[in-house]
Structure formats: structure tokens, C-alpha cells
Amino acid sequence: MNKCMPFVAAFLIIQGFHSLRSIPQVSAQEQKNGTQNAEEPSSSGAKQETTSQPQLPSPGPPQSRLDSEPKESELPDTPTQAEIDEVQNAYVSPATITRRVLSPPPGGVAISKDHLWIDAKNKRVILDGYVAMTDGPLEMFACPEGTKEHESIIGTLARSKEVHAALLAVGAMRGTPVEFLPKFVPATGQRIRIWVCYRNKDDKFKAVDGRRWVKKASTGKQMEPDWVFSGSGFWKDPESGKEYYRADSGDMICVSNFNSAMMDIPVASSAEAGDLLYLPFTERIPAQGTPLRLVLIPIPLPTDKPTKPGSQPDTKTPPTKSIMPLKKAATKPLPNNNTQPDTIEKADE
């Protein structure tokens, strides 16, 4: 028995060695057969499912990733410079539309090429503009074109210094800008009534008190105080020595207090964005871009002396449609979202 043991042990070792060699061969063969079966279509035309365990996808070679990216021919067409220029040239600014649409007012004497007139007989200043903004943070009622239209209801074609000169020409008395230090002192000056004239989407003439387009943020009610002719001021460039009119930077007719304002309101009104006192009265304002005409009339100063009939300007009666003639070849003004009835509104003194 002991003599047979080495032979039995040797036989078992040889059998185990052959078993170990046969395992990878069978697995490889099965994997090969399984791959071939998966690639061969079944009789129904569909590929046969393999019984092997699901494998995580492995990243392909760089070339396969490049093939998956969109080819240049498949990318969307980019506009050419000629196409870009065509779109830009087709745009017409609201200021240009206003110049094309409105004719000079009857009885007006032009004092600027930028659509600014004075009517000495009726003691009023007339200037053209357009609706610049109908909803958003409000610091200006009106500003010159290209300055602060993003926070102003109206953009004007004339500059602030030109309107300042026009007000002086019709007898308005300039006051003083607001002061903040050492204590708050509101702006002073003669009160100015502002009429806004325009045509609605049905081409009906309308004349409204400018205060109707501004509302108090806290109550939603219409603004009450009139604007005053505070007069702004000048600053000198220390390098060139040239003087500049401060309100030309945008502060023409303000609803937030600025000591650079040409016209301001004589009450405390913060210029901080988070604490603005007034907002646009959006539902009363026509669509952005609508051409319009402003009429500025100095409100007579109180006096104990008797006045002759007709010697003082009429600030209660709104202008009629004759003040806003259209050019014969002009296109129709832009439509607007005005919802007011087609009536001429009077201002409260």
C-alpha cells in the first residue's frame, strides 16, 4: 500500500494540472462563441442576446470620439458681415423716427436744430422726444437722447442747456438746485407745467399732464408736485479749462433729487435705487418708441398786482392737436398700449 502512494499522488497532481489548464481555454472558447452568437442575426432578423454579465462601456480610441463630434458642415450657418451690416442698417432709432414724423409747431421759433422751439406769444417752450421707458427704476422724467433713457420715461432730441436757455427766453425764473449738506434743502425755482402730446395707436391726438405718467411707489397714486426750474450748474475740466453744463449728462427733468438737475421736484426724493420715491405709471404710458411733443409752460408767480387778461400764460388748458402737425410724407407713429379714453385732460392747479 505504501509503495502505491507515490504513484497515486503523482496521478492526482497531473490531473489537477490538466484541470487548471482547461479552465481558461473553456472560458475563452465560451467567450468567443458568445461573441460570435451575439453578432450573428437570428432567424427573425434581430441579434441574439448574450448570457454574459453586462460590462461597463469603455472609452473608445481618440478617433471614435472625434467621429462623434459634429462636423463643420453640420454646424449652423454663422451670419456673414454683410448680413450683420444689413440688420444694423435696417434699424431706425426712435429719435430718427421722431425727426421724420413731426413737423415744426405753428407759431414756434426754432432755437436749436434738435427740434426745440419757443412760442413767445404764449410763453411756452416746445421740444420733441419719444417714449424711452415704460416700466423700471425711475430717476428722470425726461433726459437728452443718448444719456439716461434706461431710467427715464422720455428721451428728448434737445440738450438740457438748450432747454434751459429756452425757458429763460420765455421769462421763467431760475432757482437753485437741491442741497444735501449740512442739511436737506429742496430745489427752488419757478414751477413749470409739462404737457405731453402724442397720437395713440388709432392716430388720435392726446395731451396729458406729465405728472399723470409718474406714480408714487408707496401708494400707486399720481405724482402731485410740479417741477421747478432749479437751473443745474457748470463744472470746469481742470485739464482743458472747458466748462460743461452739468445737466447735459442726463439730468434734464428729474423725479429723484440731483444737484445737477435742470428741473427737479421741490420735495425729498431719494436717488438710491432701492429707495426710489416714484415709478412710471405704466398703464398710462404709450408704447416704447412713440414720438411725442413736450410743452413746458412757466406757472405764473403769485402777485398782489392786478394782471391784464391774456397777459399770463394759460397752464390749465392743454394744447390742441394743431400744435403737433405730422409731415405729409411721414410714416404713421408707432402703435402704443395706451388704454386711456380719447379725451384731452386738464391739470389740477
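Any read-out appearing in this document is the output of simple, stated calculations on the displayed coordinates, not a laboratory observation. Quick caveat, the model's predicted, so the values are computed rather than measured. Heads up, the Cβs are rebuilt from the backbone with ideal geometry, glycines too, and the neighbour counts pull from every protein chain shown.
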- For region 138-153, take each phi angle, set θ = phi - 60°, evaluate the Karplus expression 6.51 cos²θ - 1.76 cosθ + 1.60, and give the result in whole Hz per residue in order, putting x for glycine and proline. 10, 10, 10, 8, 9, 9, x, 3, x, 10, 10, 4, 6, 9, 9, 6
- Pulled fully out, how much extra length does the chain show between residue 121 and residue 270, if you take 0.36 nm times their separation in residues and subtract their Cα-Cα distance? 49.9 nm
- Note on the structure: Violations at 21 Å Cα threshold for listed pairs 183/236; 148/316; 113/327; 113/161; 161/305; 161/215 -> 183/236; 148/316; 161/305; 161/215
- Query: Counting only Cα, what are the radius of gyration and maximum Cα-Cα distance Dmax of region 94-157, in Å?
  - Reply: 12.8, 38
- Could you give me the radius of gyration and the Dmax of region 170-278, taking only the C-alpha atoms into account and expressing both in angstrom? 16.1, 53
- Listing 199, 246 by rising number of other beta-carbon atoms within 10 angstrom, fewest first, gives 246, 199
- Message: Give me the extension gain from residue 221 to residue 236: residue separation times 0.36 nm, minus the current Cα-Cα distance, reported in nm with one decimal.
- Response: 1.4 nm
